[in-house]
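A.B. asks: Dumping the structure here so I can ask a few things about it.
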Amino acid sequence: MSKLHSVRLNKDLCVGCTNCIKRCPTQAIRVRDGKAQIAEYRCIDCGECIRACPHHAKSAVMDPFEALDNYKWKIALAAPSLYAQFGAPATRTMVLAALKNIGFDDVYEVAIGADIITARTNEFLDEARRDKRLPLISSACPAVVRLVQMKYPGLIDNLVPFDAPVDITAQIARRQSLEKTGLIPEDIGIFFISPCPAKRTAVTNPIGQDSSQIDGVIAISDAYPMILAKLEKLTPEQIHSLDNKLMATFGGVRWGYTGGEAIAVNTEKYLAVDGIHNVISILEEVENERLRDIEFIEANSCTGGCIGGPLTVANRYSAKSRQRGYIEEAKKLAKDHPDHIYPYQYEQASVWTKTIDPNPAMQLDSDIFKALEKYEQMEQIVRNLPGLDCGACGAPDCLALAEDIVRGEATETDCIFKLKEKIRDVASQLGDLESAMNKLAHDNHVVRTSDTESGE
């Protein structure tokens, strides 16, 4: 499996239905020879195909718990959405204590990184206003960043150029662990407990950096039963062992669901959108300059935000309700024990050091003139197709099939309706040929008969 992606196809389970090709936002999937095929150069690891496949032929490639054995000191990074998987009477401290006791030596809240990013984004927004580089688009969701690179390269400069909260938290965790343990960096393993495959891809194929501080990514769905088992058996000592742990603010915890990031930005002119197809429609609006009154966009690939990730367990509606409970708990902690809040104000958010380049996956040709010529061919082919977008050809719609034909990856007769027309044409031609041959045979018979009678 390529390190560029974390979504895997199991062809043995694939039955060649069209559920995945219809849901993929970048049209990265085709059905060929009765099996789905994923074009890696178009995949953004959003996980829509994982949700859509009723046969579980799509899955996420995540790191196993055995990977912890490679390190002397193991650290878990808890996503804000992890809390929402567990209802009352669980508290943040209890969830973190249970997480620590499934095989880790220390735990950190990714919400701390969210607090830091929020503070720095507010500073950056002032710069963006001066530079007239609005609206800013959150870069916290790696699937959205890759979508922008592929379909909306003109909006790359609108992305907030900071590492994601999980990367900021990983940097803090490694720095503090090195000071605490005296170990060398290679002995410390940092593992993110993730709600989606896109975040693992962001580790193996980083955005804005050459490498990641994270050593592994474990799915929330894999960690959930182990955490739940520990929650039910936590001792008071295990819970109190985290009493001195500096915690994130309620603002960082709120990042778990849609709107949690945007509401903390210093502007009333914000927009929070979730669901990758909804994100596409909003980015279309931005690209066409129809959202000039908006200063900040929080865009989440998953419906509901990270609590709706394909690797979560809880229903996203109940998860959001639970998350509100954790937010209120965080507010109370900040009020009653302000000294227990992590001093995020003194931390810096890492700025991207690597250029975010456009992904030319959507281009028909690197030569603009050839691309225009191919586009005209596509339009001509589309006009000749039935326009039913049935997916029977293995492409999501007629336009996609036309593109495949222009690229040399399909033929017009892959369309079942065009194939039927071809068969009818051939049959008609064969029928005409048979009639002509019968007529010729009849004429020859008449001639021979006439010659015979004349000879007689």
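A.B. asks: Take Val217 and tell me if it is part of a strand (DSSP E or B), in contact with a Phe, Trp or Tyr (Cβ under 6 Å, 6 or more places away or on another chain) and at pLDDT 95 or above.
C.D. replies: For Val217, the condition - part of a strand (DSSP E or B), in contact with a Phe, Trp or Tyr (Cβ under 6 Å, 6 or more places away or on another chain) and at pLDDT 95 or above - is met.
A.B. asks: Right, another one. If we keep just the residues of segment 95-120 that are surrounded by fewer than 21 Cβ atoms within 10 Å (Cβ to Cβ), of a type in the set (D, E, K, R) and in contact (Cβ under 8 Å) with a residue 60 or more places away in the chain, which is nearest to Lys74 (Cα to Cα)?
C.D. replies: Asp106
A.B. asks: Considering only segment 43-62, I want to know if a residue exists there that is assigned to a helix (DSSP H, G or I) and within 29 Å of Tyr342 (Cβ to Cβ).
C.D. replies: Of the residues in segment 43-62, the ones assigned to a helix (DSSP H, G or I) are 48-52.
Of the ones still in play, those that are also within 29 Å of Tyr342 (Cβ to Cβ) are none.
No, every residue in segment 43-62 fails to be assigned to a helix (DSSP H, G or I) and within 29 Å of Tyr342 (Cβ to Cβ).
A.B. asks: Between Leu13, Leu82, which is under 22 Å from Ile239 (Cβ atoms) and either in a helix (DSSP H, G or I) or outside the structural domain of Asp397 (by TED's automatic domain parsing) (or both)?
C.D. replies: Leu82
A.B. asks: What are the residues in segment 295-329 that are of a type in the set (A, V, I, L, M) and either outside any helix (DSSP H, G or I) or over 26 Å from Lys269 (Cα atoms) (or both), if any?
C.D. replies: If the condition is that a residue be of a type in the set (A, V, I, L, M) and either outside any helix (DSSP H, G or I) or over 26 Å from Lys269 (Cα atoms) (or both), then Ile297, Ala299, Leu311, Val313, Ala314, Ala319 are the ones that fit.
A.B. asks: Which ones in segment 95-138 are under 17 Å from Leu242 (Cα atoms), part of a helix (DSSP H, G or I) and not aliphatic (A, V, I, L, M)?
C.D. replies: Correct list: Lys100 only.
A.B. asks: Taking segment 348-380 as the region of interest, how many residues are in a loop (DSSP other than H, G, I, E, B), without any contact (Cβ under 8 Å) to a residue 60 or more places away in the chain and surrounded by fewer than 16 Cβ atoms within 10 Å (Cβ to Cβ)?
C.D. replies: 5
A.B. asks: Look through segment 258-277, keep the residues that are surrounded by 19 or more Cβ atoms within 10 Å (Cβ to Cβ) and not aliphatic (A, V, I, L, M), and return whichever of them is nearest to Asp115 (Cα to Cα).
C.D. replies: Glu261
A.B. asks: Additional query: Scan segment 127-151 for residues that are at positive phi and modelled with pLDDT of 95 or more and report the count.
C.D. replies: Qualifying residue count, segment 127-151: 0.
A.B. asks: Sort out which residues of segment 1-15 are closer than 22 Å to Asp414 by Cβ and surrounded by 16 or more Cβ atoms within 10 Å (Cβ to Cβ), and write them in order of number. Give the derivation first.
C.D. replies: Step one: list which residues in segment 1-15 are closer than 22 Å to Asp414 by Cβ, which gives 9, 11, 14-15.
Those that are closer than 22 Å to Asp414 by Cβ and surrounded by 16 or more Cβ atoms within 10 Å (Cβ to Cβ): Leu9, Cys14.
A.B. asks: Would you be able to tell me the number of residues in segment 121-149 that are of a type in the set (A, V, I, L, M, F, W, C) and more than 12 Å from Leu283 (Cα to Cα)? Before you say what the answer is, go through the steps one by one.
C.D. replies: Here is the first cut: in segment 121-149, the ones of a type in the set (A, V, I, L, M, F, W, C) are 124-125, 128, 134, 136-137, 140-141, 143-145, 147-148.
Filter again for more than 12 Å from Leu283 (Cα to Cα), leaving 124-125, 128, 134, 140-141, 143.
Within segment 121-149, residues that are of a type in the set (A, V, I, L, M, F, W, C) and more than 12 Å from Leu283 (Cα to Cα) number 7.
A.B. asks: Checking the structure you have, find out if any residue of segment 85-94 is part of a strand (DSSP E or B) and surrounded by 19 or more Cβ atoms within 10 Å (Cβ to Cβ).
C.D. replies: no
Conditions tested, residue by residue: (1) more than 23 Å from Leu388 (Cβ to Cβ); (2) modelled with pLDDT of 95 or more; (3) among the acidic types (Asp, Glu).
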{"position": "Val7", "(1), (2), (3)": "yes, no, no"}
{"position": "Asn10", "(1), (2), (3)": "yes, no, no"}
{"position": "Thr18", "(1), (2), (3)": "no, no, no"}
{"position": "Lys22", "(1), (2), (3)": "no, no, no"}
{"position": "Val31", "(1), (2), (3)": "no, no, no"}
{"position": "Gln37", "(1), (2), (3)": "no, no, no"}
{"position": "Glu40", "(1), (2), (3)": "yes, no, yes"}
{"position": "Asp45", "(1), (2), (3)": "yes, no, yes"}
{"position": "Ile50", "(1), (2), (3)": "yes, no, no"}
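A.B. asks: Another one. How many residues does segment 43-61 contain that are over 19 Å from Pro396 (Cα atoms), surrounded by fewer than 22 Cβ atoms within 10 Å (Cβ to Cβ) and in contact (Cβ under 8 Å) with a residue 60 or more places away in the chain?
C.D. replies: Result for segment 43-61: 1.
A.B. asks: Within segment 64-84, how many residues are within 22 Å of the chain's Cα centre (by Cα) and surrounded by fewer than 21 Cβ atoms within 10 Å (Cβ to Cβ)?
C.D. replies: 1
A.B. asks: Any idea which of Gly208, Gly154 is in contact with a Pro (Cβ under 9 Å, 6 or more places away or on another chain) and on the phi > 0 side of the Ramachandran plot?
C.D. replies: Gly208
A.B. asks: Can you name the residue in segment 294-333 that is among the aliphatic types (A, V, I, L, M) and farther than 25 Å from Pro225 by Cα and is also farthest from the chain's Cα centre (by Cα) among such residues?
C.D. replies: Leu333
Residue-by-condition table, conditions (1) farther than 14 Å from Gly259 by Cα; (2) surrounded by fewer than 20 Cβ atoms within 10 Å (Cβ to Cβ); (3) not assigned by TED's automatic domain parsing to the domain that holds Val110:
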position	(1), (2), (3)
Val286	yes, no, yes
Asp293	yes, yes, yes
Phe296	no, no, yes
Ala299	no, no, yes
Cys302	no, no, yes
Ala314	yes, no, no
Gln323	no, no, no
Glu328	yes, yes, no
Lys331	yes, yes, no
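A.B. asks: Still on this model: So, in segment 405-417, exactly how many residues are farther than 10 Å from Ile381 by Cβ, in a helix (DSSP H, G or I) and either among the charged types (D, E, K, R) or in the same structural domain as Lys22 (by TED's automatic domain parsing) (or both)?
C.D. replies: The qualifying residues number 1.
A.B. asks: Test Ala395 against the criterion of being within 25 Å of Ile38 (Cβ to Cβ), outside the structural domain of Thr18 (by TED's automatic domain parsing) and either part of a loop (DSSP other than H, G, I, E, B) or at pLDDT below 90 (or both), and give yes or no.
C.D. replies: Judged against the criteria, Ala395 is a match.
A.B. asks: Another question about this same structure. Could you tell me which numbered condition Thr204 fails, if it satisfies all but one of (1) surrounded by fewer than 23 Cβ atoms within 10 Å (Cβ to Cβ); (2) out of contact with any Lys or Arg (no Cβ under 6 Å at 6 or more places or on another chain); (3) assigned by TED's automatic domain parsing to the domain that holds Lys320; (4) among the β-branched types (Val, Ile, Thr)?
C.D. replies: The single condition Thr204 does not satisfy is (2).
The values are calculated or read from the model by the stated rules, or taken from the named source; none is laboratory data. The structure displayed is predicted, hence computed values, not measured ones. A quick note on method: Cβ atoms are made from the backbone with ideal geometry, for glycine too, and the neighbour counts reach across all protein chains shown.
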